[in-house]
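The next block holds one structure in the form of structure tokens; read it before the comments.
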Amino acid sequence: MIDVAPFLEAAVRTATPLLIAAIGESVSERAGVINIGLEGCIIAGAYAAFAAAGMPETGPVAGYCAAALAGVAVGSVLAVLSVVLRRDQIIVGTALTMLALGVTGTLFRARGSASALVFDAGSVVRVPVLSEIPVIGRALFAQPAITYLAVACVPAVWWILYRTQVGLALRAVGESPSAARSAGVRPRLVQSLAVLFGSAMGGIAGGALVLAQAGTFAEGMSAGRGFLAIAVVALGRWRPAGVLLASVVFGGAMALQFVVQALGWRVRYELVLMIPYVLTLVALGAFGRGNAPAYLARVDAGD
Amino acid sequence: MTDVAAIAEAFWRGSLGTSSALLSGTLVRAVPLIIVGVAVAIAFRGGVFNIGGEGQLLLGAVAATVVGLHVPAGLGLAGVLLALVAAATAGGIWAAIAAVLRARFGVLEVISTIMLNFVALSLVSWLVRGPMQEPTHVYPQTSALPEPLRLPLLVPGTRLHAGFLIAIATSALAWLVVSRTAAGFRLRATGESPTAASAAGGVNVAKTSAWALVVSGALAGVAGGIEITGVTFALYENLSPGYGFAAIAVAILARLHPLTVLGTGLLFAVFETGALGMQRDAGVPSVVASVLEAAAILIVIGFSGARISLQRRRSLPGAGPSTESARQ
């Protein structure tokens with residue numbers, strides 16, 4: 001009998017950065033902008049959190065702030081080039097991912113011996129009593145603080161999107177910018193803000209990767225999470241609850257590598273690493289349709 | 001200032017400064033950049049964003065290695081040709097997965113080709129540690145191809161191989177096909193305006209863009225085959241230092257023109273070998289080359305207006321599996 005509790009715990013922990021990035025991306029896409037540079041936001045956030053955590057007298061909060069700022073720095077280029085100047089979102093996003101991977105790699109290598117920094121990423125917030133529930137207790141109630149915040153974002157974003165004026169304006173821009181404009185909404189402003197929010201979340205996701213998971217930085221450690229998050233948004237049908245569900249499924253797929261190692265199964269490690277990517281392809285083929293914002297990734301913002 | 005001079009000199013020595021840097025370094029490096037650059041340009045022209053060049057190149061490398069290690073060495077050049085055909089087939093099939101996902105299920109090719117890159121990377125890692133590992137089982141790589149099954153050298157005593165001629169021929173041929181044939185017309189029409197292509201030109205838009213992606217993948221596969229038969233002679237991880245991504249910059253800087261890709265491919269090869277020289281002699285991390293490449297894309301896109309865009313295609317309902325037509 002396999003003990004599933006450690007696997008569930010790892011799945012939720014692994015899902016956290018994915019969920020943060022995907023929730024942010026769903027807001028950006030609801031406003032009609034696909035951020036292919038999300039991977040770049042994540043790696044930039046990861047490096048910023050790593051650099052900030054390496055300084056004395058800084059706590060995790062400073063690390064996450066630095067991570068969010070780094071994400072925004074990447075996202076602001078997308079906002080200027082693709083929202084204001086209407087350049088192709090996908091080309092700009094791809095270049096931003098390449099740029100962020102290159103810049104963080106250069107900075108990291110330039111640190112030399114200081115790059116060996118490792119810090120404790122294992123601290124968890126344990127909910128009394130609940131965390132003692134067998135099997136699911138530790139997975140749900142003994143996680144890093146950022147995991148609880150990420151889950152709290154789901155109803156918060158839902159409420160903003162569906163129950164506020166801002167959310168209505170944002171969804172209107174993603175469906176029909178010209179109609180939104182007639183109703184007094186400024187599409188470019190809304191899209192810019194949505195992109196900046198999404199990239200800040202991408203940065204925080206990178207921060208979580210370093211501060212709550214790996215405990216250090218490695219070149220290219222985002223390992224496609226930005227692209228997985230974009231897939232997660234499509235699989236979650238651009239709805240917060242769906243995004244949460246899809247994130248957990250993918251977190252589970254990524255956590256399989258730890259389980260296989262721990263159990264000593266006779267499966268090649270390299271093949272297990274493929275699972276999340278293959279799963280994405282299969283899942284997108286099977287369920288990745290429907291409910292996309294009508295103006296997603298378009299250059300002509302109805303003006 | 002002396003620092004800057006030293007770094008500049010290291011860049012020069014690494015890229016163009018000596019005949020060995022030029023012939024064995026820069027020109028050899030330009031081969032995959034040019035071929036995958038042409039591959040990316042063709043896909044873009046058809047309105048398909050292939051960022052899977054890296055994975056397609058790796059699959060081509062795998063196929064060329066399998067052929068090179070299994071056909072009799074006596075075949076010589078015919079064996080090399082066979083390896084390159086296998087490489088093209090493998091790259092084309094890898095891209096076809098994304099093409100089918102796009103045509104049948106409306107999956108954005110940006111996502112699927114990236115996912116296929118990661119799968120290809122893991123696949124190579126597994127192959128060189130598992131079924132294809134060299135007989136002593138020490139190193140994570142395959143055995144080396146026998147001497148007769150390698151691409152001949154163009155200049156004896158250097159590493160410049162016949163793949164350079166293949167790169168030039170690819171770029172010229174791609175230009176001919178894109179600008180002078182009916183298939184090229186259908187490709188450009190599909191990329192420019194799918195509704196017009198479909199309504200006025202009777203072009204099967206879905207089929208054209210699917211084929212653009214497959215041909216693009218086949219070319220990237222050939223580039224992988226050339227790396228195996230001309231440069232590394234064995235399969236191992238990190239065979240490609242990101243040629244598939246650099247090629248996007250090569251294609252965009254060339255404004256998607258197959259002949260111009262020759263020039264931009266060479267330019268980026270100079271960047272990359274120069275950056276390696278800077279790392280070797282002046283301790284500057286070589287990843288700065290990818291920063292330059294990404295910056296080049298952003299600058300070109302920033303200044304070129306909306307000319308280089310895939311979104312006309314995506315924005316038209318019924319024009320293919322775009323995000324919005326996928327809603328039906």
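The values are calculated or read from the model by the stated rules, or taken from the named source; none is laboratory data. What you see is a predicted model; the values in this text were computed from it and never measured. Virtual Cβ from ideal backbone geometry, glycine too; neighbours counted across all protein chains shown. Each accessible area value is taken on the protein alone, full model and side chains, heavy atoms only, with ligands, DNA and RNA left out. Shrake-Rupley method; radii C 1.70, N 1.55, O 1.52, S 1.80 Å.
Against the definition (closer than 23 Å to B:Thr65 by Cβ, under 23 Å from the mean Cα position of the chain (by Cα), touching a residue at least 24 places away in the same chain (Cβ under 8 Å) and open to solvent by 40 Å² or more (accessible area, probe 1.4 Å)), how does B:Arg188 come out, yes or no?
Values: closer than 23 Å to B:Thr65 by Cβ: no; under 23 Å from the mean Cα position of the chain (by Cα): yes; touching a residue at least 24 places away in the same chain (Cβ under 8 Å): yes; open to solvent by 40 Å² or more (accessible area, probe 1.4 Å): yes.
No.
When you scan the stretch A:227-251, how many residues do you find that are open to solvent by 10 Å² or more (accessible area, probe 1.4 Å), touching a residue at least 12 places away in the same chain (Cβ under 8 Å) and farther than 17 Å from A:Gly285 by Cα?
4
Which residues, taken from the stretch A:19-46, are part of a helix (DSSP H, G or I) and hydrophobic (A, V, I, L, M, F, W, C)? Working first, answer last.
Step one: of the stretch A:19-46, the residues part of a helix (DSSP H, G or I) are A:19-30, A:38-46.
Answer for the stretch A:19-46, where residues must be part of a helix (DSSP H, G or I) and hydrophobic (A, V, I, L, M, F, W, C): A:Leu19, A:Ile20, A:Ala21, A:Ala22, A:Ile23, A:Val27, A:Leu38, A:Cys41, A:Ile42, A:Ile43, A:Ala44, A:Ala46.
Cβ-Cβ under 6 Å, sequence separation 6+ or interchain: first residue in the stretch B:289-302 and more than 7 Å from every other protein chain (Cβ to nearest Cβ), partner surrounded by 21 or more Cβ atoms within 10 Å (Cβ to Cβ) and not acidic (Asp, Glu). Which pairs?
Partner pairs satisfying both residue conditions: B:Ala289/B:Phe271; B:Ala289/B:Ala275; B:Leu292/B:Phe271; B:Ala296/B:Ala249; B:Ala296/B:Leu253; B:Val300/B:Ile252; B:Val300/B:Leu253.
Okay, residues lined up against (1) outside any helix (DSSP H, G or I); (2) open to solvent by 10 Å² or more (accessible area, probe 1.4 Å):
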site: B:Gly25; (1), (2): no, yes
site: B:Pro32; (1), (2): no, no
site: B:Phe49; (1), (2): yes, no
site: B:Gly68; (1), (2): no, no
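Residue under question is B:Pro156, and the condition is that it be surrounded by fewer than 18 Cβ atoms within 10 Å (Cβ to Cβ) and under 23 Å from B:Ala63 (Cβ atoms); does it hold?
Details: surrounded by fewer than 18 Cβ atoms within 10 Å (Cβ to Cβ): yes; under 23 Å from B:Ala63 (Cβ atoms): no.
So B:Pro156 fails the test.
For the stretch B:238-258, check the following and say yes or no: at least one residue is open to solvent by 10 Å² or more (accessible area, probe 1.4 Å), more than 24 Å from B:Thr113 (Cβ to Cβ), touching a residue at least 40 places away in the same chain (Cβ under 8 Å) and small (Gly, Ala, Ser).
no
May I ask you to verify whether A:Glu9 is charged (D, E, K, R) and surrounded by fewer than 24 Cβ atoms within 10 Å (Cβ to Cβ)?
Working: charged (D, E, K, R): yes; surrounded by fewer than 24 Cβ atoms within 10 Å (Cβ to Cβ): yes.
It is true that A:Glu9 is charged (D, E, K, R) and surrounded by fewer than 24 Cβ atoms within 10 Å (Cβ to Cβ).
Of everything in the stretch A:267-283 that's within 7 Å of another protein chain (Cβ to nearest Cβ) and among the β-branched types (Val, Ile, Thr), which residue is least open to solvent (accessible area, probe 1.4 Å)? Please lay out each step first, then the result.
So the first thing to find is which residues in the stretch A:267-283 are within 7 Å of another protein chain (Cβ to nearest Cβ), and the list is A:268, A:270-271, A:273-274, A:277-278, A:280-281.
Among the residues that remain, those that are also among the β-branched types (Val, Ile, Thr) are: A:278, A:280.
Details: A:Val278: 60, A:Thr280: 0 Å².
Filtering first and then ranking leaves A:Thr280.
Quick one: A:Thr97 ticks every box in (1) within 7 Å of chain B (Cβ to nearest Cβ); (2) modelled with pLDDT of 90 or more; (3) open to solvent by less than 40 Å² (accessible area, probe 1.4 Å) bar one, so which box is it?
(1)
Is it the case that some residue within the stretch B:129-147 is among the hydrophobic types (A, V, I, L, M, F, W, C) and part of a helix (DSSP H, G or I)? Let's see the steps before the verdict.
Step one: filter the stretch B:129-147 for residues among the hydrophobic types (A, V, I, L, M, F, W, C), giving B:132, B:138, B:144-145.
Of the ones still in play, those that are also part of a helix (DSSP H, G or I) are none.
No, because not a single residue in the stretch B:129-147 is among the hydrophobic types (A, V, I, L, M, F, W, C) and part of a helix (DSSP H, G or I).
Within the group A:Ala286, A:Ala262, A:Ala301, which residue is at pLDDT below 90 and facing another protein chain (nearest Cβ under 9 Å)? Show your work before the answer.
Details: A:Ala262 fails: facing another protein chain (nearest Cβ under 9 Å); A:Ala301 fails: facing another protein chain (nearest Cβ under 9 Å).
It is A:Ala286.
Give just the number: which of (1) more than 22 Å from the chain's Cα centre (by Cα); (2) within 14 Å of chain A (Cβ to nearest Cβ) does B:Ser122 not satisfy?
Only one criterion in (1) more than 22 Å from the chain's Cα centre (by Cα); (2) within 14 Å of chain A (Cβ to nearest Cβ) is unmet by B:Ser122, namely (1).
Can you pull out every residue in the stretch A:37-78 that is closer than 18 Å to A:Ile230 by Cβ and surrounded by fewer than 23 Cβ atoms within 10 Å (Cβ to Cβ)? Step through it out loud before you land on a result.
Residues of the stretch A:37-78 closer than 18 Å to A:Ile230 by Cβ: A:37-46, A:71, A:74-75, A:77-78.
If the condition is that a residue be closer than 18 Å to A:Ile230 by Cβ and surrounded by fewer than 23 Cβ atoms within 10 Å (Cβ to Cβ), then A:Val77 is the only one that fits.
Are any residues in the stretch B:109-147 open to solvent by less than 10 Å² (accessible area, probe 1.4 Å) and among the charged types (D, E, K, R), and if so, which ones?
Hit for the stretch B:109-147 is B:Glu109, nothing else.
Taking A:Arg86, is it under 17 Å from the mean Cα position of the chain (by Cα) and in contact (Cβ under 8 Å) with a residue 60 or more places away in the chain?
For A:Arg86, the condition - under 17 Å from the mean Cα position of the chain (by Cα) and in contact (Cβ under 8 Å) with a residue 60 or more places away in the chain - is not met.
Given the options B:Leu22, B:Leu81, name the one that is of a type in the set (A, V, I, L, M, F, W, C), under 20 Å from B:Leu267 (Cα atoms) and without any contact (Cβ under 8 Å) to a residue 60 or more places away in the chain. Please lay out each step first, then the result.
Details: B:Leu81 fails: under 20 Å from B:Leu267 (Cα atoms).
So the residue among B:Leu22, B:Leu81 that is of a type in the set (A, V, I, L, M, F, W, C), under 20 Å from B:Leu267 (Cα atoms) and without any contact (Cβ under 8 Å) to a residue 60 or more places away in the chain is B:Leu22.
Taking the options A:Arg126, A:Arg188, name whichever one is touching a helix residue (DSSP H, G or I) at 6+ places or on another chain (Cβ under 8 Å), free of Cβ contacts under 8 Å to residues at least 24 places away in the same chain and open to solvent by 60 Å² or more (accessible area, probe 1.4 Å).
Details: A:Arg188 fails: free of Cβ contacts under 8 Å to residues at least 24 places away in the same chain.
None of the other options fit; the residue is A:Arg126.
So, of the residues in the stretch B:97-113 that are among the β-branched types (Val, Ile, Thr) and facing chain A (nearest Cβ under 8 Å), which turns out to be farthest from A:Leu296 (Cα to Cα)?
B:Ile97
Take the conditions within 21 Å of A:Leu101 (Cβ to Cβ) and open to solvent by 50 Å² or more (accessible area, probe 1.4 Å) and apply them to A:Glu175. Does it pass? Show your work before the answer.
Numbers: within 21 Å of A:Leu101 (Cβ to Cβ): no; open to solvent by 50 Å² or more (accessible area, probe 1.4 Å): yes.
The answer is no for A:Glu175.
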